[in-house]
Every structure is written in structure tokens, then in C-alpha cells.
Amino acid sequence: MPDIEIDVIIPVYRPGRELSSLLFKLKEQTLPPSRILLVNTEKRFFDENCLKNFPDIEVVHITKGEFNHGGTRHMAASRMKGDFLLFMTQDAVPSDDRLIEELYRPFSDERVCAAYARQLPAPDCNVIERYTRSFNYGSESRIKTADDLPELGIKTFFCSNVCAMYRRSAYEELGGFPRHTIFNEDMIFAGRLIQHGRAVAYCAAAQVIHSHNYSGRQQFHRNFDLGVSQAEHPEIFSVVKSESEGIRMVKQTAVYLVKIKKPYLLPKLVWQSGCKFLGYRLGKNYRKLPQGLIIRCTMSREYWR
């Protein structure tokens, strides 16, 4: 195994059994992490028993008002000293013992400064979300650079801190994640890497189990925040448009539902897609909205206080 240090950072909130499963899986990796740091939001909701088998894991407690998608992760990164930083979420569980090894592999290319894993659907994942996973996280690995913008568009910048590793030297050189962002800190930083001549790797062989069965309402709130993040960072997102990729995904999902003889799910697809689009458009134009409406649309109320 290479003589390098990889530090893992996991923000957690009211962690349950899935966190223990994640930690066990990390300890079993063929390329084990050097350190693991949990950043917990609200100490009163943290069950210390989940760490009884992991005495060497460090925990930092913050309040809900202190949490920020970019700032919290950057604070955690500043506490670590490894050559590489691996960010994960508490509900992303490695599918095997080679996750970190596979995620580290593309960094042999000096251009690569970020790499993210493939997200596989959980057993309870619904049909539409299962297809969305395969659309966003295909079976083919790829290294993305600025040369791919004409072909891939917004997906050139795609990266997910559900499970993503960063070269620490490049992270520090470009200033890390934005300190105050509602969402999308991973794509914002990946965009900066691409714009500075670096590369982002998608590693299909590095796999985590992670999916959500969001309702239309939840999709609305999530995509509102997505739109806000893009409106606040035009230096990244004005270069490419997101809508065309979303439309392509809806069309392909519809074809898939017909193909598998489940056309009765088409109304659900239309409803959820409409919720996504409405939330996204409102988020992109949030500066025109009254504060009260923003609070009702967002899933991150603390961000606006």
C-alpha cells in the first residue's frame, strides 16, 4: 500500500445504526484511513454508544446554528494533517473493502485533485430514484477537465461530498470550500479546480450505498437550495446551464419506465420533476423573493438567520 495519509471527515446529525456500519466498513478497508473525524451537530442528540468500538475516533461538537455545508467541512479539514481528505456523509456505507483504495487510484495522475465515488441504490430505493442513481453514477469511470465542458456541460463540475476525496495541497492552494454556502460546496470547489487546469475523477469502482426516496415536497426544498447556490456562485455556474441536463434525465427516465412496463409511474415522475424545476427556478431567483417566502421554500432555514 502507498505511504500516504488519508483523513476521513464525516459531518453527523442524530447518528443511528448506519454510522456504526460506516465506521466498521472504514476500519476494514484495504487502504485504511489514518484518522477519522466526526463533526456532530447538537451534542444532546449524539449517542456516545455508537463509538464504543472506535475509541480512536475524534468527535467535534457544534451547534445547529454553527453548521454550514462549506464552512463546517473546511473547519474540519483545518484540523487534519493527511495528504488527502476524504469527505463522507453518515448515511453513505462502503459497498466493499476497496472503496478508499479505488478512490485513491486516479490520483496517480498529477492533474487529478478530486475524486468521487459511485453511489448505488439502497435495497428500499424506489424505481425512479434507482434509475436516477444510474443516470448520475454510471458504470464507466472518467477523468474530467475543462476540455470536457462542450460535451459534458454542468456534469464536468459534478462531484459529491457524499463520498469524495481531495488532494490536500490543491485544496489549500485554491482556498478550500466556500465558508458560507447553502449547498453544493463540492461542485463549487470542483468547478474551481477545473477552471484552474486541474482534473476531477469519477471512480465507478469506488462504491457506496446511498439513496433517498424524497417526496415531491422534499425535492422542491432541495432544488430551491440548489438554485440558490448556483445564483450565489455565477463565477462557476454561469459558464454552463443545468436545465438541459435535467430535461435529458427526465426524458430518459420516462423511456425507462415505459420499457420496464411501469408507465403508471409517469405521473409521479412528472410531479417530482415539476417540483424540482419549480424549486430550482425559485432558488435561482431568490433575490426577487420576500424573506418569508424564502424561509418557506428552503430546507436550510439556519442559513438565512
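The values are calculated or read from the model by the stated rules, or taken from the named source; none is laboratory data. Because the structure is a prediction, the values reported are computed rather than measured. We place every Cβ from the backbone using ideal geometry, glycine too, and count neighbours over all the protein chains shown. What goes into the accessible areas is simple: the full protein's heavy atoms, side chains included, and nothing from ligands, DNA or RNA. Shrake-Rupley method; radii C 1.70, N 1.55, O 1.52, S 1.80 Å.
Annotations
- Database remark: amide H of residue 82 closer than 5 angstrom to the amide H of 7 (H placed geometrically; neighbours at sequence offset of 5 or more, or on other chains; Pro and chain starts carry no H).
- Amide hydrogen proximity for residue 36: with H placed 1.01 Å from N in the peptide plane, the residues at 5 or more positions away or on another chain lying under 5 Å are 8, 58.
- Overall dimensions of region 136-270 by Cα: Rg and Dmax, Å: 16.3, 51
- For region 68-128, the square roots of the Cα gyration tensor eigenvalues, ordered a ≥ b ≥ c, give a/c of at least 1.5 with a/b no greater than b/c, which places it in the oblate category.
- Excluding ligands, DNA and RNA, the accessible surface per residue across the chain is 47 Å² with a 1.4 Å probe.
- In order through region 290-296: 3J(HN,Hα) via Karplus (6.51 cos²θ - 1.76 cosθ + 1.60), integer Hz, x for Gly, Pro: x, 4, x, 5, 4, 4, 6
- Whether region 58-161 is rounded, prolate or oblate, judged on the alpha carbon gyration tensor where a/c under 1.5 counts as rounded: oblate
- Each other residue within a Cβ distance under 13 Å of residue 44 adds +1 if Lys or Arg and -1 if Asp or Glu, for a net charge of 0.
- Whole-percent carbon and sulfur share, accessible surface of region 187-243, 1.4 Å: 52 percent
- On Cα atoms only, tilt of 216-232 relative to the major axis of the chain in degrees: 80 degrees
- Once backbone amide H atoms are built at 1.01 Å from N, residue 209 has 93, 95, 120 as its partners under 5 Å, excluding neighbours fewer than 5 places away on the same chain.
- Size descriptor, Kirkwood hydrodynamic radius, that averages inverse alpha-carbon separations across the chain, Å: 20.0 Å
- Within-13-Å neighbourhood charge of residue 270 [Cβ basis; K, R +1; D, E -1]: +3
- Taking region 48-157 as the region of interest, the number of lysine pairs whose Cα atoms are within less than 28 Å, with members eight or more places apart or on different chains, is 5.
- In order along region 153-168, phi translates into HN-Hα couplings of x, 4, 6, 4, 8, 5, 7, 9, 6, 4, 6, 9, 10, 10, 6, 4 Hz, rounded to whole numbers, per the Karplus curve 6.51 cos²θ - 1.76 cosθ + 1.60 with θ = phi - 60° and x for Gly and Pro.
- Partner aspartates and glutamates for residue 262 [C-alpha distance under 18 Å; skip if fewer than 8 residues away on the same chain]: 124, 129
- Three-way shape call for region 109-180 based on the alpha-carbon gyration tensor, with the a/c threshold at 1.5: prolate
- Working note: Karplus 6.51/-1.76/1.60 with θ = phi - 60° gives region 114-131 the couplings 8, 8, 10, 8, 7, 9, 9, x, 6, x, 8, 5, 6, 4, 5, 5, 4, 5 Hz, where Gly and Pro are set to x.
- Sites listed here are chymotrypsin sites (Phe, Trp or Tyr not before Pro) in region 148-198 whose DSSP assignment is loop and whose Cβ has at most 12 other Cβ atoms within 10 Å, and the list is empty.
- Separation of alpha-carbon centers, region 1-79 and region 122-189, rounded to whole Å: 21 Å
- The lysines whose alpha-carbon is closer than 18 Å to the alpha-carbon of residue 268, local same-chain residues fewer than 8 away aside, are 251, 259, 276.
- Taking label points 7 Å from Cα along the Cα-to-Cβ direction, residue 145 and residue 28 give a separation of 3.9 nm.
- Residue-count net charge about residue 93 - beta-carbon cut-off 11 Å; Lys, Arg +1, Asp, Glu -1: -1
- Region 205-305 gives an Rg/Rh value of 1.03, both radii derived from C-alpha positions and Rh following Kirkwood.
- Antiparallel DSSP beta bridges within the chain, as percent of all bridges there, nearest 5: 35 percent
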